[in-house]
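Heads up, the thing below is written out as structure tokens.
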């Protein structure tokens, strides 16, 4: 690999203190992720994969080690500086969607732009509409999360992750609450975004889902124990042809 580095991690460690017990969540991680990669991070519960994602997403700080995002070092950054970095460099997609329940899809997508003073209200709406169009939900812009299927809610969450044009999308078990067909619909969308140049880091425990990505990184006990390129990633669109349509919200 010889592209532009988006994520660069060196000797990254993270310790948690539970009373007098020290939990070594990360034990000296080295990792590079380049622009345009689609990487899955796998491992059992407690292996360190979500801890790594939280640090990459500036939601948590490492105990020691170095982390650069898009050429910027987070070392010594204040809480406000980290918040600015999150809002301008990263898009987040979570297993539980994290949408505001009484707010429309359009308003949910526009939410990150409220923290960007350079974006005016009219532009916020246009950018949010464009992001909804990217995930195929323009016709659902006025629906609240309760009026949407799980897959549609996750598409709204992906649109929200895209709205600030981040350098990387960080997804934590983004298909964990979805049935098989809907999971592959989300993976087809992410593959399309990746083909357009988006860098994606995807935490999952599902091997079939990981095969849709281009590189697998396997964690165990706070270490990266294996990395491999996926020679022929599964085409999620092809998988969908063999799975019956869902009855709800079709």
Rounded to the nearest 0.05, what FRET efficiency do residue 228 and residue 66 give with R0 = 35 Å and r taken as the Cβ-Cβ distance? Could you check? 0.90
Identified option (computed Cα Rg over 2.2 N^0.38 Å; candidates (i) 1.01; (ii) 0.95; (iii) 1.14): (i)
Against the longest alpha carbon principal axis of the chain, how many degrees, from 0 to 90 and to the nearest 10, is the axis of helix 121-134 turned? 90
The relative contact order of region 5-240, taking Cα pairs under 8 Å that sit 6 or more residues apart, comes to a percentage of 28
With the chain treated as a Gaussian network of Cα nodes joined by springs under 10 Å, which of 25, 161, 105 yields the largest mean-square fluctuation? 25
So for 49, 211, fewest C-beta neighbours within 10 Å to most, what's the order? 211, 49
Taking the mean number of other Cβ atoms within 10 Å as a proxy for protection, how do you rank 182-192, 29-39, 8-18 from highest to lowest? 182-192, 29-39, 8-18
Simple spin-label model, 7 Å along Cα-to-Cβ: residue 20 to residue 44 in nm? 2.7
By how many nm would the segment from residue 121 to residue 133 lengthen if fully extended, with 0.36 nm per residue of separation less the alpha-carbon distance? 2.5 nm
Multiplying the sequence separation of residue 165 and residue 88 by 0.36 nm and subtracting their Cα-Cα distance, what value in nm do you get? 26.9 nm
Once all Cα-Cα distances of region 36-169 are split into 10 Å bins that start at 0, what whole-number percent is in each one? 12, 38, 33, 16, 1
Across 106, 126, 193, the residue with the highest GNM fluctuation in the chain (Cα network, 10 Å cutoff) is 126
How are the C-alpha pair distances of region 161-243 spread across 10 Å bins, as whole percents from the shortest bin up? 16, 50, 30, 4
Listing 27, 160, 140, 120 by rising number of other beta-carbon atoms within 10 angstrom, fewest first, gives 120, 27, 140, 160
Identify which of 101, 112, 145 has the largest mean-square fluctuation in a Gaussian network model of the chain, with springs joining Cα atoms closer than 10 Å. 101
Largest first and to the nearest Å, give the Cα extent of region 99-172 along each principal axis. 33, 26, 19
Fewest-first sequence of 208, 70 by Cβ atoms within 10 Å of each Cβ: 208, 70
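Read-outs: derived from the displayed coordinates by stated rules, not from any lab. Nothing here was measured: the structure is a model prediction, and the numbers come from that model. Neighbour counts are summed over all protein chains in view; Cβ atoms, including those assigned to glycine, are modelled from backbone coordinates with ideal geometry.
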